[in-house]
Structure formats: C-alpha cells, structure tokens
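As structure tokens, the structure follows; a few thoughts come after it.
Derivation of every value follows stated rules applied to the coordinates shown; laboratory data play no part. This is a predicted model, so every value here is computed, not measured. Positions of Cβ are generated from backbone atoms using ideal geometry, with glycine treated the same way; all protein chains shown enter the neighbour counts.
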Amino acid sequence: MEKTLCLASNSPRRRELIKYLGRPFITFSVDTEEKSSSKDPETFALEIANEKADGALEARGIGDDEIIITADTCVAIDGEILGKPKDIDEGFAMLKKLSGKTHIVATGVVIMSRRGGKVEKRSLCEVTEVTFAEISDEEIKEYLATGEYSDKAGAYAIQGAFSKHIRRISGDYNNVVGFPVAAIYEALKTV
C-alpha cells in the first residue's frame, strides 16, 4: 500500500508542487520559530526543516501509513542569509543587495516515515544559483507595491511578477519556488 504524503507547510507554492509527485497527500500547518544561528545556507535550511519536522511529530505524530515532509528555503549572498522580510523597507534592502548579482537558494527537506514502530528521518538539501538583472530603485518599488514579496525568502517569488528580473538560474527551478520536486521524488523511492 502506498503511504500518504503529509506536507507540513503553510506555503501555497509547496502545496501546489507536491501534486507533481503523483501520490495521495494531505497538508497541515506547523508553527515553529524558524531560527538558526548558522551562516551556511544548507545548514540553515536543514536546521529549520528539522525544527518543522520535530514540530510536526509533536503536534500530530505519524502513522504507519504516512510520510511527513517538511521544507525550508533560504536565500544567501556574500555570506549573509536573507530570510523573509519583516516589512517593505527590509524587502527593498534585500532586493537592492541582490540586484545584478548571483545568489544561492537552498531548500532543506526532511522526510519522515515509521518503520517497525520507529520513526526514520532522511534529509536532503537542494541548492540553485539565481542571477538577477540590474534593477532600478523604481523597479524595486513597483515590485514591492504588488505585495508579492511578503512571506518570501529574499523578498521575491521567481514564479511571479519578479520573473522579468531573473537573468539566469543554474539548478532546479522548483527549488527556488520552495519545493525541489525531482530531489524529493528520488528520495521517496527509498522510503
């Protein structure tokens, strides 16, 4: 019997992308602090994904017929991790910092299942490089006025109105959206 995927995420983008795995799924929310002291984007994303996984286990547990998936995405440039902007001013500063440069998007994923009464955790991290065109202050303000930047790591959504400012990506596009479908699909083959 195929196990039901349980996505612990509030993200509408992740909730859309999980459909492409072609398996039955449910979604639910987990509230966590989302804090890490790491400056390494891969470590940062994996720590938060693990925090969410622990929160999911504590909040609802896991059945023998379920696989819980948690994920966290961060943006990093020049040794600095850019999370979700607190307000429009922080969003402006983030986009200004990314303008005309290449940055890293890292998504940490934790996959949990139960085998023989014991919970097994597997984790992975997908990394994609994204290059922005030079963006004027006016263009940044126009984008921020859409409100799309809110609740997005690095203050942008690659799949939305900001896409016109993306010059190049190297790696998994879906990873930048926040859910590396191909890597998760491969990992699920071993669960």
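Computed values, structure above
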| read-out | value |
| --- | --- |
| Calculated FRET efficiency for the pair ARG168/VAL119, C-beta based, R₀ 41 Å, to 0.05 | 0.55 |
| Reciprocal mean inverse distance between Cα atoms of the chain - Kirkwood radius, Å | 17.1 Å |
| ³J(HN,Hα) computed for each position of the stretch 98-111 - Karplus, 6.51 cos²θ - 1.76 cosθ + 1.60, integer Hz, glycine/proline x | 7, 4, x, 10, 9, 10, 10, 10, 10, 10, x, 10, 10, 10 |
| Expected 222 nm ellipticity per residue - DSSP helices of 4 or more, -39500 (n - 2.57), all of the chain, to 500 | -9000 deg cm²/dmol |
| Ranked list, fewest to most other Cβ atoms within 10 Å of each Cβ, for SER150, SER29 | SER29, SER150 |
| Order of THR4, THR73 - criterion: other Cβ atoms within 10 Å of each residue's Cβ, fewest first | THR4, THR73 |
| Using θ = phi - 60° and Karplus 6.51 cos²θ - 1.76 cosθ + 1.60, couplings along the stretch 85-91 (whole Hz; Gly, Pro as x) | x, 6, 7, 5, 5, 5, x |
| Peptides 8-19, 180-191 ordered by average Cβ neighbours within 10 Å, highest first | 8-19, 180-191 |
| Cα shape, the stretch 1-98, gyration tensor, a/c 1.5 rule | prolate |
| Potential extension, THR102-TYR20 segment - 0.36 nm per residue separation minus Cα distance | 26.7 nm |
